[in-house]
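Have a look at the structure below, then the notes.
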């Protein structure tokens, strides 16, 4: 598959094990416990795609304010001024716009319609929703599996490469809240953490693995993840 048909993970050493990166148009579940750098991983992809390729990227922050997220990413060398194509919209702004559409409290319905508006107004080559858990907390569902299924189908209609951040417990085997998301996603990136005893102290190490990538014969191994100065790299030997 050509380079243009892929989105780089922006993790040095990982793309080569995925036949070039993530296929464009995939819905990507980015799962892991708190502190595993899920948000940074997703944002970095959007940021570099906007900076290097001029892609229109939309980052929906359901937990942090726009100012807080921008400051956090700037501290990692990703200042919003460096990639004008990344549009950060936080839950406060989103709530106001959804309420203007008179969809409150039907957040999934309102969000689907608002995403269509964003695509028309600013474009949407890449999309990140951070996090699914925060979105679900705002969304009472009578039939969660059915409603999540329709939500995923409408995300596909955006024709964007979509990253859905999902919180999971450190020892959990479920990658998302309702369990159905794992089957609906095209790709699953699992960021995990492990405690390692070193002498008298305990160190926490991060690992990254791609446990699913539809249509790709990819590496299933987990690799130590090194993060320095905002750059991501795997240790493969």
Filter result (farther than 18 Å from residue 171 by Cα, modelled with pLDDT of 95 or more and part of a strand (DSSP E or B)) within the stretch 185-222: 187, 212, 213
Number of the condition not met by residue 51 [criteria: (1) surrounded by fewer than 23 Cβ atoms within 10 Å (Cβ to Cβ); (2) touching a residue at least 24 places away in the same chain (Cβ under 8 Å); (3) touching a strand residue (DSSP E or B) at 6+ places or on another chain (Cβ under 7 Å)]: (3)
Hey, residue 236 in contact with a helix residue (DSSP H, G or I) (Cβ under 7 Å, 6 or more places away or on another chain) and either in a loop (DSSP other than H, G, I, E, B) or within 19 Å of residue 43 (Cα to Cα) (or both) or not: no
Cβ-Cβ under 6 Å pairs, at least 6 apart or on other chains, the stretch 76-90 side touching a residue at least 24 places away in the same chain (Cβ under 8 Å) and on the phi > 0 side of the Ramachandran plot, far side surrounded by fewer than 17 Cβ atoms within 10 Å (Cβ to Cβ) and outside any helix (DSSP H, G or I): 77/230
Matching residues in the stretch 99-130 - criterion: being part of a helix (DSSP H, G or I) and modelled with pLDDT under 70: 99, 100, 107
Residue in the stretch 167-178 that is more than 24 Å from residue 49 (Cβ to Cβ), touching a strand residue (DSSP E or B) at 6+ places or on another chain (Cβ under 7 Å) and assigned to a strand (DSSP E or B) present: no
Identity of the residue in the stretch 160-171, farther than 15 Å from residue 133 by Cα and modelled with pLDDT under 95, that ends up surrounded by the fewest Cβ atoms within 10 Å (Cβ to Cβ): 171
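Could you say which residue among 46, 29 is surrounded by 20 or more Cβ atoms within 10 Å (Cβ to Cβ), at pLDDT 95 or above, part of a helix (DSSP H, G or I) and in contact with a strand residue (DSSP E or B) (Cβ under 6 Å, 6 or more places away or on another chain)?
Details: 29 fails: part of a helix (DSSP H, G or I).
Unique residue meeting the criteria: 46.
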Residue in the stretch 135-151 that is surrounded by fewer than 21 Cβ atoms within 10 Å (Cβ to Cβ), touching a strand residue (DSSP E or B) at 6+ places or on another chain (Cβ under 7 Å) and without any contact (Cβ under 8 Å) to a residue 60 or more places away in the chain present: no
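The values are calculated or read from the model by the stated rules, or taken from the named source; none is laboratory data. Computed from a predicted model, the values in this text were never measured in an experiment. Every residue, glycine among them, receives a Cβ derived from its backbone with ideal geometry; neighbour counts consider all protein chains shown.
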